[in-house]
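Below: the structure, in structure tokens.
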Amino acid sequence: MKTFHGGVHPHGHKDATAEKPIVTLAPPKELIFPLSQHIGAPAVPCVQAGDAVLMGQKIAEAGGFVSATLHSSVSGTVKGIEKRMHPNGTLTDCIIIENDGLDTPIPEVSLPERDFRKLSPKECIDLVQEAGIVGMGGAGFPTHVKLSPPPEATIDYVIVNGAECEPYLTSDYRVMLENSQELLTGLAIMMHIFDLSVGYIAIEDNKPKAIEAMKKAAAEFSGAEIRIVPLKTKYPQGSEKQLINAVTGRKLKPGALPWQAGCIVSNIDTVASIARAVVKHQPVIRRIVTLGGDAMKNPLNYSVRIGTPFSYIVEQSGGFAQPPKKFLMGGPMMGLALSSLDVPTIKSSSAILALSESSAKFEEESPCVRCAKCLYVCPMNLQPNLLDKAARNNDFEALEKLHISDCIECGSCAYICPAKRRQVQQIRVVKGKLRNAKAKGN
Ligand code: SF4
Ligand code: SF4
């Protein structure tokens, strides 16, 4: 079975949601659209208070090439542009839209479906850009940028990341089971852009139904050869560098981007969005969100309109089974801890987790016992114990020598550490300090 060096085996916690079909959630009365829900420059509003908008209408232009457009996920009226809480914990500019409950769509969605094979690669990429597609696995990197490597790049592999190695998350799994044709079409479009004859969908072997379903769908799919690659179940199998290594055997040099290894990697929901944008004229206005955690009364996967508050989603699902102690957006390994559920669904909101006191218990750190377990599991061959020490001492020189920039913040080191050292948290904090120091020229 294909895999990578290092990694850990956290409990999957996927049983509560994996076999439940995706449920479509009706949108709330008010939706909130942060202008920054992607990596890069914030979007720039092209509507103002009082404007009527249609479902799918552009409400903000990309603020640069590395940025993404925003579209209203409902029809209604723009109430204003004001500061609201972002899932990342900052107050940020948001477009607020009052839903008229009619879901009146933009006229374009009624146009006949496009045959992407009659479009040039540039036309396909432009449609992806216009639709505001970003990495929906959590990274939020604008997809049109990923699809536009430098002219000297030779892309040999397009890999769809179906690993979904984060505990609790099952949204990609459900899309593979329920929406395989859209997924295959999205991959075929990416292969068309790079003029490739073979594309790959990589899936961990703890999802045998998805592997079978995708193999069957790929065999019946006409016009493109798509191979399903089973991978060993191991965290962080879905991380870009580890996935490329497992599928192709290629290794990215430190600091290198996937195109430098001849690869483009994209997430399941992102690839399905590419199909909807290019073929069906649909921008990104919804995403699949896993509701999970032992404090959640009815864990399930919802198809949610972008801009829907988390509090509304949880309330509509039936609330809590027991008092929640901790909320997360995304999985427990790489997700964001939330201070409140009064934040909107953004394009990269893969999950909302509510954990009880017993699941979220805080364990005190103790001194490093030099067991070297963190060194064995680090998928980037780093020395997390030394990075931890240097981070606590703000020893920037040592951190550079220890290749801190190669850390993918997967958390495998903190997960395995018997002394409960929080290496990854220290690394994240000190990376911010390093960025600030560099920005000041120190
Ligand atoms: S040092 Fe970074 S890359 Fe290595 S295990 Fe820890 S978080 Fe992951
Ligand atoms: S796993 Fe923890 S205790 Fe063991 S060497 Fe690493 S930091 Fe030290």
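Data for the structure
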read-out: Failed condition for Ser339, given (1) over 15 Å from the mean Cα position of the chain (by Cα); (2) among the polar types (S, T, N, Q); (3) surrounded by 14 or more Cβ atoms within 10 Å (Cβ to Cβ); value: (3)
read-out: Failed item, numbered, when Gly330 is tested on (1) under 20 Å from the mean Cα position of the chain (by Cα); (2) closer than 24 Å to Val424 by Cβ; (3) not assigned by TED's automatic domain parsing to the domain that holds Val74; value: (3)
read-out: Residues located in the range 387-413, provided they are within 9 Å of ligand 2 (Cβ to nearest atom) and either open to solvent by 70 Å² or more (accessible area, probe 1.4 Å) or at pLDDT below 95 (or both); value: Lys389
read-out: Residue in the range 353-365 that is within 16 Å of ligand 1 (Cβ to nearest atom) and open to solvent by 10 Å² or more (accessible area, probe 1.4 Å) present; value: yes
read-out: Candidates Lys420, Lys440, filtered to the one that is more than 16 Å from ligand 1 (Cβ to nearest atom) and open to solvent by 20 Å² or more (accessible area, probe 1.4 Å); value: Lys440
read-out: Residue check for Met333: closer than 30 Å to Ile313 by Cα and either charged (D, E, K, R) or in a loop (DSSP other than H, G, I, E, B) (or both); value: yes
read-out: Qualifying residue in the range 406-423 (condition: free of Cβ contacts under 8 Å to residues at least 60 places away in the same chain and β-branched (Val, Ile, Thr)); value: no
read-out: Residue within the range 414-433 that is over 22 Å from Leu328 (Cβ atoms) and among the aromatic types (Phe, Trp, Tyr) present; value: no
read-out: Top-ranked residue of the range 414-429 - restricted to ones that are out of contact with any Lys or Arg (no Cβ under 8 Å at 6 or more places or on another chain) and in a helix (DSSP H, G or I), ranked as nearest to ligand 2 (Cβ to nearest atom); value: Gln423
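A quick yes/no check of all residues on (1) open to solvent by 50 Å² or more (accessible area, probe 1.4 Å); (2) modelled with pLDDT under 95; (3) under 30 Å from Gly335 (Cα atoms):
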{"residue": "Asp93", "(1), (2), (3)": "yes, no, yes"}
{"residue": "Ile97", "(1), (2), (3)": "no, no, yes"}
{"residue": "Pro105", "(1), (2), (3)": "yes, no, no"}
{"residue": "Ile125", "(1), (2), (3)": "no, no, yes"}
{"residue": "Val128", "(1), (2), (3)": "no, no, yes"}
{"residue": "Gly138", "(1), (2), (3)": "no, yes, yes"}
{"residue": "Phe141", "(1), (2), (3)": "yes, yes, yes"}
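The values are calculated or read from the model by the stated rules, or taken from the named source; none is laboratory data. Not measured: the values here are computed from a predicted model. Note: ideal-geometry Cβ built from the backbone for every residue, glycine included; neighbour counts use all protein chains shown. Note: areas computed on protein heavy atoms with side chains; ligands, DNA, RNA excluded. Shrake-Rupley method; radii C 1.70, N 1.55, O 1.52, S 1.80 Å.
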